[in-house]
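Note sheet for the following structure.
The values are calculated or read from the model by the stated rules, or taken from the named source; none is laboratory data. Quick caveat, the model's predicted, so the values are computed rather than measured. Because the Cβ atoms are built from the backbone with ideal geometry, glycine has one as well, and the counts that use them run over all protein chains shown.
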Amino acid sequence: MELIDGNKIAADIIAELKTQVAALPGRPPCLALVRVGEDPASVSYVKKKEAASATIGITSRLIYPPVTITQDELFALIDGLNADPGVDGILVQSPLPKHINEVAVFRRIAAHKDVDGFHTMNLGKLAQEDDTGFVACTPAGIMELLQRSGVTLAGQHVVVLGRSLIVGKPAALLAVQRKTWANATVTICHSQTANLPALTRQADILIAAIGKAEFVTADMVKPGAVVIDVGVNRVADPSKKSGYRLTGDVHFPTVSPLCRKITPVPGGVGPMTVAMLMQNTVKARRQNG
């Protein structure tokens, strides 16, 4: 069994992007980071994105409206960023307060500045294999992990466990593309799938993105499979100072001995999500001029 080191691969990408940004003519790329309220997880995520931007040479524009902001006020803020030629990418950190429609917010961001890859236009471009679009950062990171770990997708059976627009569906669309690094046969499974273990056991590459702690057990995995664990779940653990431990969607102790390669949690897919956001921002700077 080999661990896929997401921290190292993400660091390699950050270093590559730093070189690319230094060579760009004119101003550096600019990423607007909008965080509504003071949700602790959101504060942590935005700080990581700000730090990665600083390392690469991307300018961060930090905007922290109060949790009481209305949807119309947030729309007006986004409209201003859309119209600003000095801003290349816009990220509105989720989750948003319950009184705001997240999907409507994501659609409000101009497609050419949607570095999170959630806009309808960018999802459509992904389906059409149009490389001018932006791919959601987590599934893009999964594909980078596989490629840079020497995992061949062509002719392989990829099973995606989860059907979200953020991970599951884009990951399936990427794996099935007519690209030299893709060309997989893809099955998407979810909470309503019958005989789920029988399907996941067919996977040469299993992508677990169902959002349930340690859901994937040894009886669901084919020996020699590559397992990509997307989940980040907090499980109560009195032995920890924090009172909890982080775990993925895969029961790592029993599944990992079966695998050819597997991502850990933390230190697997997570760092790649930030790296891909940075990559999308540099791409937006190039395309937006």
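Pairing each residue of the stretch 157-169 that is within 19 Å of residue 220 (Cβ to Cβ) with any residue that is assigned to a helix (DSSP H, G or I) and among the basic types (Lys, Arg), provided the two are 6+ apart or on different chains, yields C-beta distances under 8 Å for 163/169. Residues that are in contact with a helix residue (DSSP H, G or I) (Cβ under 9 Å, 6 or more places away or on another chain), on the phi > 0 side of the Ramachandran plot, surrounded by 14 or more Cβ atoms within 10 Å (Cβ to Cβ) and in the same structural domain as residue 30 (by TED's automatic domain parsing) are absent from the stretch 105-113 altogether. Residues in the stretch 126-150 that are within 13 Å of residue 183 (Cβ to Cβ) and assigned by TED's automatic domain parsing to the domain that holds residue 185: 143, 146, 147. Annotation: residue 212 fulfils all but one of (1) charged (D, E, K, R); (2) outside any loop (DSSP other than H, G, I, E, B); (3) in contact with a Gly (Cβ under 9 Å, 6 or more places away or on another chain); the unmet one is (2). May I ask you to verify whether residue 86 is on the phi > 0 side of the Ramachandran plot and either surrounded by fewer than 23 Cβ atoms within 10 Å (Cβ to Cβ) or touching a His at 6+ places or on another chain (Cβ under 9 Å) (or both)? It is false that residue 86 is on the phi > 0 side of the Ramachandran plot and either surrounded by fewer than 23 Cβ atoms within 10 Å (Cβ to Cβ) or touching a His at 6+ places or on another chain (Cβ under 9 Å) (or both).
In the set 260, 201, 178, 245, only one residue is more than 28 Å from residue 102 (Cα to Cα), touching a Gly at 6+ places or on another chain (Cβ under 6 Å), charged (D, E, K, R) and surrounded by fewer than 24 Cβ atoms within 10 Å (Cβ to Cβ); that residue is 260. Of all the criteria given as (1) at pLDDT 95 or above; (2) over 24 Å from residue 191 (Cβ atoms), the one not satisfied by residue 254 is (2).
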